[in-house]
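Q: Take a look at the following structure, please.
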């Protein structure tokens with residue numbers, strides 16, 4: 001089995017203005033994603049929603065020097081809103097399974113084995 005990080009990006013603030021029907025659909029689709037994981041050979045190791053990007057702090061190092069900046073690493077239209085850490089037989093299984101999630105930009109990254 002290989003370990004993957006499934007990163008969920010969306011326009012920040014979307015959730016706050018979403019109507020109840022949209023929120024219900026998102027909850028249902030995340031539930032389906034979780035319930036159907038075994039069909040794809042996917043096992044969850046961790047998953048979390050993240051606080052808004054305004055709560056982020058970025059630490060940048062250059063040699064012995066470090067600076068701390070309030071806010072995210074980069075200014076972008078979409079923000080990282082949550083993640084799933086999963087194991088699966090291969091990337092294709094993770095991608096097929098991720099199609100069950102609501103409309104996000106979804107990044108799938110394999111965890112480096114060291």
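No value in this document is a laboratory result; all are computed from the given coordinates. In this text, all values refer to a predicted model and were calculated from it rather than measured experimentally. Neighbour counts are summed over all protein chains in view; Cβ atoms, including those assigned to glycine, are modelled from backbone coordinates with ideal geometry.
Q: Can you match Cα extents along the principal axes in Å to one of these, (i) 67, 26, 23; (ii) 48, 43, 18; (iii) 43, 43, 20, based on a calculation from the structure here?
A: Label (ii) holds the value from this structure.
Q: Using packing as a proxy for protection, rank 16-24, 89-97 so that the peptide with the highest average count of other Cβ atoms within 10 Å comes first.
A: 89-97, 16-24
Q: Can you give the FRET efficiency to the nearest 0.05 for residue 66 and residue 44, using r as the Cβ-Cβ distance and R₀ = 41 Å? Mind showing how you got there, number by number?
A: Details: r = 34 Å, r/R0 = 0.83.
Efficiency, rounded to the nearest 0.05: 0.75.
Q: A further question on this structure: For the chain, set up a Gaussian network in which alpha carbons nearer than 10 Å are linked by springs, and say which option among 61, 28, 36 fluctuates the most.
A: Answer for the Gaussian network model of the chain: 61.
Q: Here's a follow-up. Under the rule of -39500 (n - 2.57) per DSSP H run of 4 or more residues, summed and divided by the residues of the chain, what mean residue ellipticity at 222 nm is obtained, to the nearest 500 deg cm²/dmol?
A: Theoretical 222 nm ellipticity from helices: -7000 deg cm²/dmol.
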